[in-house]
C-alpha cells in the first residue's frame, strides 16, 4: 500500500482529526492544514475536523483556526510542514490515538506513527495536492486558494530552485480543475501598507555585512514600535533581499518581547545553512531556515558559524 492510500485509510478511520503546523506559521503551514481540513470535510462531512494553532492576522484571509478540542478515542493528528516536535504549535502527537506527518523539510526526528517526508517537494501544500490526486479526496475552491498561496510563498513566486516541473504540473492541473482568482491571492499576499515599505527600507539600510557575504541585522522591539509593525514582519520580508549581489547569506534577529524570545530568519543564495540552524535547535531547508532563541548572545555564535560556512563556499564552492 502506498503512502497516499495509507494516509487516506487513517483519515477514513478516525472520528476526530486535528490538523497542526509549526509555530509562527507561514502560508504553507496555514494553507496545508486549512486546506486539508476543507478537503476532509468535503469528503467526510460528519467527521470532527479541527485546524489548530495560534492565529496570524497577516494571513487571516486563508481562514480561521480552531481551538484544540477535547481529545477522544480514535483521534488522529496530522502535522504538516513541521519536521520536529518542539516546533509543533498547540499540542503533541503523543496525546492522540494515531498521528501522521506530511512534511517537505529534511528529516530531523521521527514525530508521528506514519510519516510522509519529501524534501524534493516545493512545499507541504504541493504534497496535499498530490494526496488529493492519488486518493478519493476531492479539491475544493477554498482549499485551492490556501494551497496556491502556500506554494507561491514557499517558492517565492516559483523562483526558488526547488520549484520543479512537478510543481508547475500540479499547480496547473489544480487551477484547470478548480478555477480561482490568482490576482486576488497575490494582492492578499503582496499588497502592503506604506509603513512596511518604509520599514523594509530601514532593514536594507542597516544590514551589517561580513567580508564573506553574510548580512545580518538585530531588530529591537523599539524599532518595531517606531515603524508600527509587528514581530512577524521582518521574517515575512526576508525573501525580499534575495537579489542583493553582495548578500550570499542574510539573517534577521527580531526581538519578540511578549514571548521573551528572538526570532531568527536565514536565507541563502548558495551556502547550505540548515545544518548550522539545526545545531541551535532550529532548522529548515538548505537555503531557507530559522530558529527561536532565548539567549540573544547565541545569535552572535550563529553569525560566526554562517560566516565560516560562507567562507568555505567562497573558497571551494561547497559547504
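Conditions (1) surrounded by fewer than 22 Cβ atoms within 10 Å (Cβ to Cβ); (2) over 23 Å from residue 161 (Cβ atoms), marked per residue:
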residue	(1), (2)
219	no, yes
225	yes, yes
249	no, no
258	yes, yes
270	yes, no
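Of the residues that make up the stretch 127-150, is at least one assigned to a loop (DSSP other than H, G, I, E, B) and either buried (at least 21 other Cβ atoms within 10 Å of the Cβ) or touching a strand residue (DSSP E or B) at 6+ places or on another chain (Cβ under 7 Å) (or both)? Yes, there is a match, as at least one residue in the stretch 127-150 is assigned to a loop (DSSP other than H, G, I, E, B) and either buried (at least 21 other Cβ atoms within 10 Å of the Cβ) or touching a strand residue (DSSP E or B) at 6+ places or on another chain (Cβ under 7 Å) (or both). Do the conditions hold for residue 218, that is, is it in contact (Cβ under 8 Å) with a residue 40 or more places away in the chain and more than 30 Å from residue 107 (Cβ to Cβ)? Spelling it out, residue 218 is indeed in contact (Cβ under 8 Å) with a residue 40 or more places away in the chain and more than 30 Å from residue 107 (Cβ to Cβ).
If we keep just the residues of the stretch 264-303 that are part of a helix (DSSP H, G or I) and out of contact with any strand residue (DSSP E or B) (no Cβ under 9 Å at 6 or more places or on another chain), which is nearest to residue 108 (Cα to Cα)? Here the residue is 301.
Being modelled with pLDDT of 95 or more, outside any strand (DSSP E or B) and either in contact with a helix residue (DSSP H, G or I) (Cβ under 8 Å, 6 or more places away or on another chain) or farther than 26 Å from residue 150 by Cα (or both) is not true of residue 255. Is it the case that residue 55 is out of contact with any helix residue (DSSP H, G or I) (no Cβ under 7 Å at 6 or more places or on another chain) and under 21 Å from residue 148 (Cα atoms)? Against the criterion (out of contact with any helix residue (DSSP H, G or I) (no Cβ under 7 Å at 6 or more places or on another chain) and under 21 Å from residue 148 (Cα atoms)), residue 55 qualifies.
Taking the stretch 1-43 as the range and being out of contact with any strand residue (DSSP E or B) (no Cβ under 9 Å at 6 or more places or on another chain), more than 29 Å from residue 292 (Cα to Cα) and outside any helix (DSSP H, G or I) as the test, the residues that pass are 1, 2. Here 201, 239 are screened, and the one residue that is closer than 30 Å to residue 141 by Cβ and assigned to a helix (DSSP H, G or I) is 239.
Looking only at residues in the stretch 85-105 that are over 13 Å from the mean Cα position of the chain (by Cα) and part of a loop (DSSP other than H, G, I, E, B), the one that is surrounded by the fewest Cβ atoms within 10 Å (Cβ to Cβ) is 92. On the stretch given as the stretch 304-319, residues that are assigned to a helix (DSSP H, G or I) and within 22 Å of residue 83 (Cβ to Cβ) total 3.
Can residue 54 be described as closer than 30 Å to residue 289 by Cβ and buried (at least 16 other Cβ atoms within 10 Å of the Cβ)? It is false that residue 54 is closer than 30 Å to residue 289 by Cβ and buried (at least 16 other Cβ atoms within 10 Å of the Cβ). Out of 212, 236, 295, which single residue is closer than 28 Å to residue 192 by Cβ and outside the structural domain of residue 56 (by TED's automatic domain parsing)? Result of the check over 212, 236, 295: 236.
The values are calculated or read from the model by the stated rules, or taken from the named source; none is laboratory data. Keep in mind the model is a prediction, meaning the values are calculated, not measured. FYI the Cβ positions are ideal-geometry reconstructions off the backbone, even for glycines, and counts take in every protein chain you see.
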